[in-house]
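Single-structure report; data block below.
The values are calculated or read from the model by the stated rules, or taken from the named source; none is laboratory data. Note that the coordinates shown come from a computational prediction; the quantities given were computed from them, not determined experimentally. Every residue, glycine among them, receives a Cβ derived from its backbone with ideal geometry; neighbour counts consider all protein chains shown. What goes into the accessible areas is simple: the full protein's heavy atoms, side chains included, and nothing from ligands, DNA or RNA. Shrake-Rupley method; radii C 1.70, N 1.55, O 1.52, S 1.80 Å.
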Protein chains: 2
Amino acid sequence: MSSAYQNLVNRFQQMYHLQHLGAIAGWDQAAMMPAGGNQARGAALAELNALLHKLLTAPEVASWLQEAQRQETSEETIRSVEEMAVEWLHASAIPDDLVKAKTIASTHCEHAWRSQRPENDWEGFSKNLKEVVNLSRQEAGVRAEKSNTSPYNALLELYEPGVNTQELDLLFGDLKTWLPGFIQEAQDRQDSVTIIEPEGTFPTEKQKALGLKVMKLLGFDFNHGRLDVSTHPFCGGVSEDVRMTTRYSEDNFVEALMGTVHETGHARYNQSLPTDRALPVSSYRSMGIHEGQSLFFEMQLGRSPAFLSLIQPLIVKHLCDGKQPPYMALDNLEKIYTQVRPGFIRVDADEITYPAHIILRYEIERDLIEGSIEVDDIPELWQQKMKDYLGLDVAGDHKNGCMQDIHWPMGAFGYFPSYTLGAMVAAQLFAAQKKAMPDIEKQIQNGSLMPIFDWLKTNIWSQGRKYSTAELMTRATGEPLTASYFKNHLKERYLG
Amino acid sequence: MSSAYQNLVNRFQQMYHLQHLGAIAGWDQAAMMPAGGNQARGAALAELNALLHKLLTAPEVASWLQEAQRQETSEETIRSVEEMAVEWLHASAIPDDLVKAKTIASTHCEHAWRSQRPENDWEGFSKNLKEVVNLSRQEAGVRAEKSNTSPYNALLELYEPGVNTQELDLLFGDLKTWLPGFIQEAQDRQDSVTIIEPEGTFPTEKQKALGLKVMKLLGFDFNHGRLDVSTHPFCGGVSEDVRMTTRYSEDNFVEALMGTVHETGHARYNQSLPTDRALPVSSYRSMGIHEGQSLFFEMQLGRSPAFLSLIQPLIVKHLCDGKQPPYMALDNLEKIYTQVRPGFIRVDADEITYPAHIILRYEIERDLIEGSIEVDDIPELWQQKMKDYLGLDVAGDHKNGCMQDIHWPMGAFGYFPSYTLGAMVAAQLFAAQKKAMPDIEKQIQNGSLMPIFDWLKTNIWSQGRKYSTAELMTRATGEPLTASYFKNHLKERYLG
């Protein structure tokens, strides 16, 4: 091992330790902090981020990387250096002035958006968004030049290394033409189905106890993590101490329960990453692979009849004080958890309409970054695509249309595709497991979930970034990512 | 304002932001973190501390200080630079090798102490402690040389700037001869008093609700802080977001309630420091002044008949489901909260035996650092002094004797005196207020506490380190710190 490589390891270890403090402070900000602490916390986290940026982009890191690239000979350290170089390139590609300008513009835009959205103030919002788009285009342009690719592809690289618009157009294109008819068919099928809505009060404490029980069933390691509450559920913290959050509504348990299952998927991936945790090569593969784990837990496993039959007695036990009301019947729970309802809001969307929301956003943000459309074109495009893909008319309702997401105000162009890539990853992983374990449904029903998680751990979680996404998927499932397993899954569940 | 001063301000601001993250992560470690996260957290905090040390002792800081000392002309910035220089001297006085060696030795000693103490293993413990003492003597020696004082005085400076053994010998000396007889007298007086011990279960949730109510009464700002649970109660976090902890025993509410009052004193001081928070001159004055605020809240205010009469209805309301059992009678609560019981354990000591525990430790650690005694002499000295000051025989019971505290294993020599200085500060501040507000007891009884806190805020909290401890006390009370108000307070409460 070269001394250059050792220097790099030391630097990434130092950064890892400092990032740990930022991750815990970030979790605290969302789950614990009183409102009055916000300004000081924001300043503290900004200071840390500036410091981390400096540590990564310092001139010595560039020389260490060059030396290590020349000197390392083992497959393992060569891969490790490659992933270090990716981190370095992402951080150092754009000039400090641009970083600063984008941070200021997006912080301003996001802050204003919080009040502009409820007021449906597209005019005010679009003025700020133009500045964010302008700077994001600059950023994309600089990154594209350094990576010899197109501007939007360069942003995709930040979230989905190795994935480009060509692949996305292929994966999404097929889905896009197939979905509208499929959604209609599924809806028609559900027209005659009666769902009994849950009634009554479900106290937070009881829902929490149920959630903890389900997390345990799903293998969450409580010695290295905990569950709390936040307005927007997330999975944060560090891999040695994963901080999962959820939110409870005392009117209904349905969303919190499945939200907990979803976040547990993220959590288990984090808890099972390679142990050399400070190295970039030990980090999660991509946002899509990460979302693939949460959607494996939620969509493939969690909403399956087998899993629902496993946890139904637990739900009844925790929430019903002994007697089982009709809405808790297993077949009613299955109906609740597979209900199809096209709507305006992405985060409320069901499994089969969700991809339409993503494809719409992907197409708009891609064209926006590539420069073929402008911010002023967004409302009309949004309206047209909502009509085409979901048959809904959102005209003029910006707050439930193109102003609903935080991603664009905060300048995170290139992120949206990961959600639907994740759905495809989840379906493909589940299909591969089913092939290897034909009785997988029976196993799930019996609560024998460990073989499933061991498979994921071996094939995905413990691999970190050792392989590209395509390689990782091929090694795990026999082929690179495809949309077909996701389509098959939907057909089977909704028309089967 | 010189550019050198501006550079210093920027550097201290940067450190303040990073310290914020350490403070929140430290609170989290004690109040939230699952056990498995400890190693990663320890490494993260160690990294931060090393970084902060480096930022403070960097060569440019020394030159900025020199320049600023020459160039600053306003009273305010001159004081600010002086306190920056104190921080710098404390951090840069001892060589990095010694810092490192002491950190390793004390971490090892403290870790081993956790199991050695319950096993009463003085032999094993003393071996490690010798190494810590040896390095603390070296540290004290180097600091003493740079500050032109004695070794123990140099350590005192870290906690009580401006206080030395001469002053302590004076303040404690009088107390030491007076206490044994006084304790005896107070005990004799209480011999005939019957106390009804609280009985029954006091659920944590109810105790917490009571604690929050009392904190509100005491002016705690919940927009800038919160209350949680930890094994060892403390007041941490940052002044913009104070994190207070307590611990509940469901058998009894007495300790948790008064512990909450105590920590609220610390909390209010922190929440009311000057707003230029990143500057050392805006930090708390000393450990003794800090403890003075918590003991003001707990001992002067909290255990007074007037305050107990104010909160007794609240206690009954929260803990008794409407009816009032005999142990909740006001006069019984007063007896409970002023009960005198000499014992082995400092942290369990009452108000009048506590100083004996401190004086004993002060005398031993002073002589240990000055080199006139050795670690092997400790048990015998401890035994002798416990006999002399408290009339108790601790022979051979090291775990309840000289092994009971964490301070020495962690190398914090010079800290103990602050506790009793705090008791004196509290008594003197209360006496000054009483002089200005002769009807203070009536005010307390009526729940009109704001004038009291406003007085503390104006005279102490908002002053930060603007003045020395002696000046601060003189400005607030008309004279420097003296033991007489504390003695008078004890006489009045226990023999009055």
Can you name every residue in the range B:81-115 that is of a type in the set (Ser, Thr, Tyr) and either more than 28 Å from the chain's Cα centre (by Cα) or farther than 23 Å from B:Arg143 by Cβ (or both)?
B:Ser115
Which residue pairs have Cβ atoms closer than 7 Å, lie 6 or more positions apart in sequence or on different chains, and pair a first residue in the range B:34-46 that is at the interface with chain A (Cβ under 7 Å from one of its Cβ atoms) with a second residue that is of a type in the set (Lys, Arg)?
B:Pro34/A:Arg226
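Taking the range B:209-236, which residues are more than 14 Å from every other protein chain (Cβ to nearest Cβ) and part of a helix (DSSP H, G or I)?
At the first step, the residues of the range B:209-236 found to be more than 14 Å from every other protein chain (Cβ to nearest Cβ) are B:209-211, B:213-214, B:217-219, B:231-235.
Across the range B:209-236, the qualifying residues are B:Ala209, B:Leu210, B:Gly211, B:Lys213, B:Val214, B:Leu217.
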Qualifying positions in the range B:388-417 - surrounded by 22 or more Cβ atoms within 10 Å (Cβ to Cβ), at negative phi and under 15 Å from the mean Cα position of the chain (by Cα)
B:Phe413, B:Phe416, B:Pro417
Matching residues in the range A:480-495 - criterion: being open to solvent by 60 Å² or more (accessible area, probe 1.4 Å) and either in a loop (DSSP other than H, G, I, E, B) or outside the structural domain of A:Ile352 (by TED's automatic domain parsing) (or both)
A:Pro480
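Report, by residue number, each residue of the range A:415-439 that is touching a residue at least 40 places away in the same chain (Cβ under 8 Å) and over 30 Å from A:Leu368 (Cβ atoms).
Within the range A:415-439, the first condition is being touching a residue at least 40 places away in the same chain (Cβ under 8 Å), and the residues that meet it are A:415-432.
A:Leu429, A:Phe430, A:Ala431, A:Ala432 - these are the residues of the range A:415-439 that are touching a residue at least 40 places away in the same chain (Cβ under 8 Å) and over 30 Å from A:Leu368 (Cβ atoms).
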Going through the range B:141-177 in order, the residues found to be open to solvent by 30 Å² or more (accessible area, probe 1.4 Å), of a type in the set (Asp, Glu) and within 25 Å of B:Gln428 (Cβ to Cβ) are B:Glu157, B:Glu167, B:Asp169, B:Asp174
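Can you name the residue in the range B:300-328 that is of a type in the set (S, T, N, Q) and in a helix (DSSP H, G or I) and is also nearest to the chain's Cα centre (by Cα) among such residues?
Kept after step one, since they are of a type in the set (S, T, N, Q), are these residues of the range B:300-328: B:300, B:304, B:309, B:312, B:324.
This time we only want the ones that are in a helix (DSSP H, G or I), so: B:300, B:309, B:312.
Working: B:Gln300: 16, B:Ser309: 27, B:Gln312: 27 Å.
Filtering the range B:300-328 for residues that are of a type in the set (S, T, N, Q) and in a helix (DSSP H, G or I), the one nearest to the chain's Cα centre (by Cα) comes out as B:Gln300.
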Quick check: anything in the range A:186-205 within 14 Å of another protein chain (Cβ to nearest Cβ), loosely packed, with under 14 Cβ neighbours inside 10 Å and among the charged types (D, E, K, R)?
yes
Every pair of residues 6+ apart whose Cβ atoms lie under 7 Å, when the first sits in the range A:462-489 and is closer than 12 Å to A:Ala432 by Cα while the second is outside any helix (DSSP H, G or I) and not aromatic (Phe, Trp, Tyr)
A:Met473/A:Pro480; A:Met473/A:Leu481; A:Thr474/A:Pro480; A:Ala476/A:Ile460
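In this structure, does A:Gly237 turn out to be at positive phi and surrounded by fewer than 21 Cβ atoms within 10 Å (Cβ to Cβ)? Reasoning before the result, please.
Details: at positive phi: yes; surrounded by fewer than 21 Cβ atoms within 10 Å (Cβ to Cβ): no.
Here the answer is no, as A:Gly237 does not meet what is asked.
Let me confirm something: among B:Ser106, B:Ser2, B:Ser92, which residue is crowded, with 19+ Cβ neighbours inside 10 Å and away from chain A (no Cβ under 14 Å)? Steps first, answer last, please.
On the way: B:Ser2 fails: crowded, with 19+ Cβ neighbours inside 10 Å; B:Ser92 fails: crowded, with 19+ Cβ neighbours inside 10 Å.
Result of the check over B:Ser106, B:Ser2, B:Ser92: B:Ser106.
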Only one of (1) over 16 Å from the mean Cα position of the chain (by Cα); (2) of a type outside the set (Lys, Arg); (3) part of a helix (DSSP H, G or I) fails for A:Ile352. Which number is that?
(3)
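Mind listing just one residue for me: the one in the range B:355-373 that is part of a loop (DSSP other than H, G, I, E, B) and without any contact (Cβ under 8 Å) to a residue 24 or more places away in the chain and, of those, least open to solvent (accessible area, probe 1.4 Å)?
Among those residues, the one meeting the criterion is B:Ile373.
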Odd one out for B:Asp331 among (1) under 22 Å from the mean Cα position of the chain (by Cα); (2) open to solvent by 20 Å² or more (accessible area, probe 1.4 Å)
(1)
